[in-house]
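Computed from the coordinates by the stated procedures, all read-outs in this text should not be read as laboratory data. Remember, predicted model here, so these are calculated numbers, not experimental data. Here the Cβ positions follow ideal geometry from the backbone for every residue, glycine too, while neighbour counts run over all protein chains shown.
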Amino acid sequence: MLKADMLPAVYIPSRLSMENKLLLRSRISLVRIRTQIKNKIHAIIDRNRDCYLGLENLTDTFGKTGMFLLRNTKILKILSLINNNNIISQNTVIRKICKLQEEMTPAPAVAAKNTKSAAS
């Protein structure tokens, strides 16, 4: 097939494209981990519904008020440790997601520079 020139051309993405795909895969993975952590926290809340009385009226359990209630509600010691570890893990994952999003978003100076050179 090579001699007959019947092989199709192969697409090789640019280095920038590969780096962006890698960042995107990392972000997707972190978002899945964040969802797992939130589901674990919801399971603890459901098991201890009588302890978390202020949460049922909140629209965002993981907002400022909800996080305050989650941290300061007294439940069984072991569940409290698990819940606090989940909250810490969630905050860490959220920070990592934000950092990846910053890397994925081009800087304004670079974007403007690329626009000017493309217009030339």
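Seen from every direction in turn and averaged, the convex hull around the alpha carbons of segment 45-94 projects onto 3.4 nm². With coordinates expressed along the principal axes, the C-alpha atoms belonging to segment 1-87 extend over 76, 22, 20 Å, beginning with the largest. If the chain linking ILE12 and LEU55 were pulled fully straight, counting 0.36 nm for each residue of separation and taking away their Cα-Cα distance, it would gain 10.4 nm. Among SER89, SER14, sorting on how many other beta-carbon atoms sit within 10 Å of each Cβ, with the fewest leading, yields SER14, SER89.
To the nearest 0.05, how large is the calculated FRET efficiency for ILE87 and ARG25 if R₀ is 22 Å and r is the Cβ-Cβ distance? Here the calculated transfer efficiency is 0.30.
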